[in-house]
Structure formats: C-alpha cells, structure tokens
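> Quick one: the structure is below, questions incoming.
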Amino acid sequence: MGLLNLILSSPPRDVNTVTPAPSQPEAAANARLPSDTPTGDRHAWQRQLDNARTLLRERVDLEQGLPGRGVEKQIRRGPALPVQPDTLLERAHVSDAKTLTERLHANRLPSGAVVMATPTQAQRKLWQQSALEHRVTHVVCVGTDLEQTTMDLMAHEPAVRAQTLPGELPQVLSRYWRVSARPGMAIPPAVLRETFERLSAAPPAPGCLVAFQSPHGDDRSAVFGAGWKVFKDLRARQQADLPVDEDTVLDVVQDAVMQIHMNRSTQVLRQPEHLASLLSMGMQLCGLPKARAVRFVDRPTVETLAAHSKDTPPDGPALKEARNRAAARALCSGILEMKEATDRPYAPLKGSTARTRRIHPDAMLAPDTRLKSLPGARLLGAWAAPRTLVLERPGPDKALAWATACLTHNISAVVDLSCRSEQSEPDAMADGRQALGSGTHVHFEWGRTGQIELDHVLAGAKATGMQISATIDGQPVTRDVSIDPPYMDEKHRIPTERSLERLQIPLLPGKTVPPKDLLEMAKLMENYRADGPGHAIAVQCPKGDVRAAVVAAADQLYGRFQEKRLNADNLDESIKDIWTRLCLDYSIDLAHEPDQLASLMAMGELLLATGKHTQRWQ
C-alpha cells in the first residue's frame, strides 16, 4: 500500500530468512541500542531486525525503479551528507554540478515535516527566517549536550513572533522537544513512541510544520522524521477502524523510509537497526506490550530524555568547558544585538594606538585640569567599574600624571599584566624623585624590601610596595583620607602620600587568561579592597587590552562572593550581569571575546568550589 504499491507490487516477504543482496549498502558500523534500554523494548527491537534487513533489500530494488530522481548534492560549508536539492527549505538557485551554495541543511517532506541538521549559532537568523516563511511551529531536537556545546549548535529559544491576526496560525518555533540520543546509536522504540504521543497531543496546525533536527543531519533526525509518518499513518488507520497487521506495519515503514530517501537523502537509514526501531514502534502501536523508556521534565519547554546513563560520559572538564564556551558565545552574540549596544557611542581613547579598542565616553578617565599645561598630562585609561581603572601602561613621560591619579583616586594597587618582553619597556613608577620644573616634582619611593617574588601564587609574579607623592607648581597633590579604614593609625593617614602596591603578573597578549589565574589575581586584588571600600585598583597592560578587562571582571565577581551576594543559584546571572555591563558601559569590543568570558565562567565555578570568605571591612 501507499508508495510501495504505487511503484510496483512487492514479492511476498519471508520475514524469517534473509539473503543479503550484493547491492545492499553496507554501514561502517552497526548501530546499537543504549545499554540500559528496558528488556521488553530491547526484545521487541531485536525481533524486528530480520524484517528490517528484508526492507533494506527491497529498498534497493525500489530505488532502482524510481523515475527522475534528482542528483543529491552537498551544501557548501555544511554537513558532509548530500541531500536532494529540490526539497530544500531554501531552494537552490546557483550551484555547480556537485555542491550547493551555503544554506540550511534542511529538507521538507510531503508528510508535513522538515528533516534537517541542527542549525549553528551562526545560522540562527537564517533558521528563524526560514521558520517564519514555512510556518515551522514545532521542533524536536535530537542529540547530546556535548554536541550542542562543542559544535556551537543552537539551543532552544523563545517563539518567534510573526505578524498575524487573532485566530490565525500560531507562533513559529513555539513548541520544543529535546531528545537525548548519542550519535551511532539506535533509538529505542518507546522513545520514538513517547515523543510522538507528546507531539500528537498538541500537533502542528494545518499548514504548519514540525522540524526534526540532529547534529550533521544524521540518521537520528531521519529516524524521527520517518517515525512521525509511521506514527500518524498507523494512528489514522486505527481511528478509521481499519485492520492493522504485521504486513501493514512493514508497508507503512517502507513508505516512510522511501519518503526520506526521495526527499532527503539515500545516505541515511541504511542500517537495519534504525529500521528495526521504526518497525518495533509500529508493532507497539498495534497492541504489542508497551515498554516505557523515557521520562518527561515538567518545564515550559517539554524535554524528552532517553535513558542513556551508561552510555553517556559524566560531566567531565571537557563537557563543562564546552558548555561554558557555548554559553559565552550565546551571551556575546545577544549583547551585540541589544539596542543599547547599537545606540551608544564608542570610540578609541584619544591618543591611543589601540584604534580597535572602543570605549564608552562616559567611562574615559578625564585628564586632571592641574596638568593641562604640562606634557604627558593625558593618561590612556577608562573605568571598567566604579573603583576599577583599566589603563594602558604609562611610560616615564606620564609619571606626574600617574602619581596625581593615584593620589586623586586613592588607588591602592596597580596590577601590571605586561608579559616579560613588555616589562622591558620603562614605566612611570621608577624608584626615586623626579623634578619636572620649578615647584613640580613626583616621587615614587620604593620600600626597603624591593621586589618580592610571588611565584608561589602565580608564576613570574612580583610585588613592590611604595609611597607616592607629587607637587604641581608648589602645591602638593592630596588625597581624601576620610575613606581610610577607621582602625588605621593616624600617623599613616597622610593626605599628601599614597601607599601603593605594584603587582607584576605577566600574561601573554592574545591568549585566554586561565580560570585559576583569574581566581588567584582576584584574591590578590581583594587584599587591597579589604583595606577600604573607597580605595581603587588599577589594572594595566600595553594598549589596555582584553587581559586587563577580564581581570577587572574577575575582581568584580570575587567581590560579590566576599560580600556574600554570590552562590550557585545566581552564578550564571551574576556573570551575565557583570559582562553585559562591562560591554555596554566600558567597551562593546568585549562582546567579541567569548573565550575570555568562558574562562570567567569557569573561574566562577572554581570560586564557589574552593573560595573562602574573608573578614572584609565594610
């Protein structure tokens, strides 16, 4: 019946014996059921393997008799699986003999379904546009968390609102199912059935489609695409009180497989194990014992989970890292699309050679008006947070401006992230007194101990304590001593001097800062935050690049932890808030640094696992 009888009459089937045909496609490896599939489900599946092999043999004969089948083609920069170009959601316009121009790897089936590769984050807008155009309202996404994160695949997003009138078709992408299934594994028949029962409880409206997705558009989405047709056809016969027997199931499954091969690709569903899943599901629908192997999570977006505990690796470091990268990419992409990001003005710092680093004007460090007639008056810096200054490493010509800033803003520490080669350049804090004209001088007085090695904390780290003072035209530069902790001895509360610690922690430019290093630097910075909440910290490196910004973000996250405002429940939201504010209020270019954000996420997890609260002065 169906397509099978429309093309030719099949010879009688011998469901017990199979003679492999020489032309039958051979798979590289046999699919298997997950090891913890219930016994009843496994037995039902195994009983259909011989029937599945028979269908595969017949499929070869049927496809040789199909008239006018188009040549399958690969999609440029897409999965390796070749597809039928005539049924693509986005029809082929320009292509060569073998490949199609870049587009979604998605084919529309006559049964009202789309079988496709899971879109990547880069294809997000294209998928939303195609879903609107073709009225895709339901999505069943098959795969694993590891694939989603390592391949940067799209996760579930809120429904896309189409401009429709009341009573018209529902919103596209409004219903979503997540089915956990590893590549190369057969789908347990009960997983198929339970998914389709959930789907049929609120099916797509007339004129709307359901999309079945899997990474690379492999057999998993094809099994679900074919299974949905099998499920609907058998249910329709039952509702019409038509007889359903084993031959009926075989014909319905063959029709569904042929539909996939004619409209999607002949390179999928070539293994009898996948057909056995379809057959055993069909037999269960005909009244055979049910074997339930899924559980449903009560969430707004229904999630269907196959039982794969013994086959799925635990959440190890690689999976956590991949998840963080995917989450970071998604957040950065979302920030760049925010209206605030496009409306706000950003520009390079005046006088900076880092022309690609754009800063929000409100965050830029204003020059001290007392220095406007002097050379080197402008420091190239901006406030990443109210008490965190990020600046380009000042040279000797800016020593007076730097000392003035340290006193004016009560900077208690400067974290210099310059790598070893960058440290060879002279900086503004050389030990000694420097006269800059009549009544103008600057003094960086290093402590007697000189540089202290901190290799036990971070490799190559050093600390240097010093006292800073400056005089401009005979007038000493002063600082606000009222913000010093009340327990500080009066003799150390000197308005014309600022105690400062320089921490030299070399980081390579252009490299992601490791999570452990971020945490250790945040701990060091907390020591100076603890001296007084009004004190500021500066983070510097050549061109004030992303190294300094991500360290400033780590400092903010650690500060929330010490204030007991950070826990496992709000970690993700806290990091999202910190990074979003940094991008919008400091530099939008940080939204192009998802790897640094992923490292910050890992630092937060490490902080919650190992961090200890200190006696921070409030």
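> Over region 470-555, one equal point on each Cα, no solvent: what is log10 I(q)/I(0) by the Debye formula at q = 0.19, 0.23, 0.25 Å⁻¹?
-0.93, -1.12, -1.23
> Right, something else. Less than 16 Å apart at the alpha-carbon level, and either on another chain or at least 8 residues along: which aspartates and glutamates does that give for K516?
E321, D455, E526, D555, D595, E605
> Under a cut-off of 14 Å between alpha-carbon atoms, report the aspartates and glutamates in cross-link reach of K350, not counting same-chain residues fewer than 8 places apart.
D362, E392
> Next question. Using only Cα atoms, figure out Rg for region 443-506 and give it as a multiple of 2.2 N^0.38 Å.
1.37
> Where does the Debye-calculated log10 I(q)/I(0) of region 380-488 sit at q = 0.24 Å⁻¹, using only Cα point scatterers of equal weight, no solvent?
One equal scatterer on each Cα of region 380-488 leads to -1.52.
> Using the Cα gyration tensor of region 492-541, with a ≥ b ≥ c the square roots of its eigenvalues, what is the shape: rounded (a/c below 1.5), prolate (a/b larger than b/c) or oblate (neither)?
Details: a/c = 3.40, a/b = 2.05, b/c = 1.66.
Taking the square roots of the gyration eigenvalues as a ≥ b ≥ c, region 492-541 is prolate.
> Measure up K511/K576; K398/K511; K398/K543; K372/K543; K462/K543; K491/K612 against 24 Å on the Cα-Cα distance and list the ones that go over. Kindly include the intermediate steps, with their values, before the conclusion.
On the way: K511/K576 22 Å; K398/K511 28 Å; K398/K543 15 Å; K372/K543 22 Å; K462/K543 21 Å; K491/K612 32 Å.
Too far apart for the 24 Å limit: K398/K511; K491/K612.
> Shifting gears a bit: Give the span of region 532-611's Cα atoms along each principal axis, as three whole-Å numbers ordered largest to smallest.
Principal extents (Cα only, largest first): 34, 31, 21 Å.
> Report, to one decimal in Å, the Kirkwood hydrodynamic radius for region 215-255 based on all distinct Cα pairs. Before the final figure, lay out the partial values.
On the way: mean 1/r = 0.0905 Å⁻¹.
With all distinct Cα pairs of region 215-255 included, I get 11.0 Å.
> Another question, then. Run down the lysines and flag those whose C-alpha is under 27 Å from the C-alpha of K73, throwing out any fewer than 8 positions away in its chain.
K98, K125, K229
> Next up: Once every Cα of region 173-253 carries one equal point scatterer and solvent is ignored, give the base-10 log of I(q)/I(0) from the Debye formula at q = 0.13, 0.17 Å⁻¹, two decimals.
-0.45, -0.76
> Let me ask something else. With N denoting the number of residues in region 316-401, provide Rg(C-alpha) divided by 2.2 N^0.38 Å, to two decimal places.
Details: Rg = 17.8 Å, N = 86, 2.2 N^0.38 = 12.0 Å.
The reported ratio for this selection is 1.49.
> Taking Rh as the Kirkwood radius, which is the inverse of the mean 1/r over Cα pairs, what is the Rg/Rh value for region 209-290?
Result: Rg/Rh = 0.97.
> How long are the semi-axes of the equivalent ellipsoid of region 328-374, defined as square roots of 5 times the Cα gyration tensor eigenvalues? Whole Å, largest first.
The answer is 30, 12, 8 Å, longest axis first.
> Could you work out the local net charge near F231, counting Lys and Arg as +1, Asp and Glu as -1, over the other residues with Cβ closer than 12 Å to its Cβ?
+3
> What share of Cα pairs, in percent, lie more than 19 angstrom apart in region 384-439?
Cα-Cα pairs in region 384-439 separated by more than 19 Å: 34 percent.
> Another question about this same structure. Pop out the ³J(HN,Hα) list for region 466-476 in order, Karplus 6.51 cos²θ - 1.76 cosθ + 1.60 with θ = phi - 60°, rounded to Hz; leave Gly and Pro as x.
7, 10, 10, 8, 7, 10, 10, 6, x, 9, x
Since every read-out is calculated from the coordinates, none of them should be taken as a lab result. Remember, it's a predicted structure, so these values are computed and weren't measured experimentally. Every residue, glycine among them, receives a Cβ derived from its backbone with ideal geometry; neighbour counts consider all protein chains shown.
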